[in-house]
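Please read the structure below before turning to the comments.
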Amino acid sequence: MSFSIETDRLSLRLRGAEDAACNLALLGEHDGGTTTTLAEVRESLIRQHSNAMTAGIGLLSVQRRAEGDRIGYCGLIVGRGSFEEPEIAYELLPRTHGFGYATEAARAVVDAAFATGRRRIWSTVRTWNKPSLRVLEKIGFRPDHSATDDRGELIYLVRDAL
C-alpha cells in the first residue's frame, strides 16, 4: 500500500514520531481520557512505523493541506481481519468532524488498498458510532454480520473490489 497519498484537501503519509501530539490528543478524547505520556505515544508510533514498513500496511497521518495541521489517522490494520483482507481504521479530532475529511481519507485508503490487488477490505464499528457507519456507507461498505462482546454489539462491514 502506498504510504503517501494526496487528495484534494488532504495529505496522508505513514505516521511517525512527529505525529505524537495529534495522537495523544486523540487518546485524550476517548472515554476516561488517557494517562499515556507524549514520550510513550512517540515510542509507540516509532514501533508502528517500523512494523508498517515491514508489513506493507499501516496507519497514515491525515493532514489538511491548506491549514497544514494534523487532524487524525486513517489506514489499514490486520485488526479483526487478515493481511490479505485487512481492516480500515480511522479517527479524526472532534473539531474536524462534519467536513467530509473522514470520507475523503477513507476513500483514498480503500483505493490504495485495492491498487495493491486486494479484493476485500473490512471494517468493524460499534452500533452507537453512527458517523463512522455513514462514512463507510458513502464509500461502498455494506454490513456483513455482527457480534457481541463485553462492550456491546460490533458490526462487521465489508467492501469488495469493483
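The values are calculated or read from the model by the stated rules, or taken from the named source; none is laboratory data. These numbers were taken from a predicted model, which means no experiment stands behind them. Please note: Cβ atoms are built from the backbone with ideal geometry, for glycine as well, and neighbour counts cover all protein chains shown. The protein model used for the area step is the full one, side chains on, heavy atoms only, and it has no ligands, DNA or RNA in it. Shrake-Rupley method; radii C 1.70, N 1.55, O 1.52, S 1.80 Å.
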Exercise for review: Please work out which one of (1) closer than 16 Å to T7 by Cα; (2) surrounded by fewer than 21 Cβ atoms within 10 Å (Cβ to Cβ); (3) of a type outside the set (S, T, N, Q) is the condition R80 fails and give its number.
Suggested key: (1)
Review point. What about F114, is it surrounded by 13 or more Cβ atoms within 10 Å (Cβ to Cβ) and either outside any strand (DSSP E or B) or aromatic (F, W, Y) (or both)?
Key: yes
Revision key, fill the gap. Within region 29-46, restricting to residues that are free of Cβ contacts under 8 Å to residues at least 24 places away in the same chain and under 17 Å from the mean Cα position of the chain (by Cα), the one that is farthest from R95 (Cα to Cα) is S44
Review point. Name the residues in region 18-28 that are open to solvent by less than 40 Å² (accessible area, probe 1.4 Å) and over 22 Å from N129 (Cβ atoms), would you?
Key: D19, A20
Review point. For region 29-64, which residues satisfy the criterion of being surrounded by fewer than 13 Cβ atoms within 10 Å (Cβ to Cβ), of a type outside the set (D, E) and under 28 Å from N129 (Cα atoms)?
Key: H30, G32, G33, T35, T37, L38
Point to revise | Residue in region 80-93 that is of a type in the set (V, I, T), touching a residue at least 24 places away in the same chain (Cβ under 8 Å) and in contact with a Leu (Cβ under 9 Å, 6 or more places away or on another chain) present | key: yes
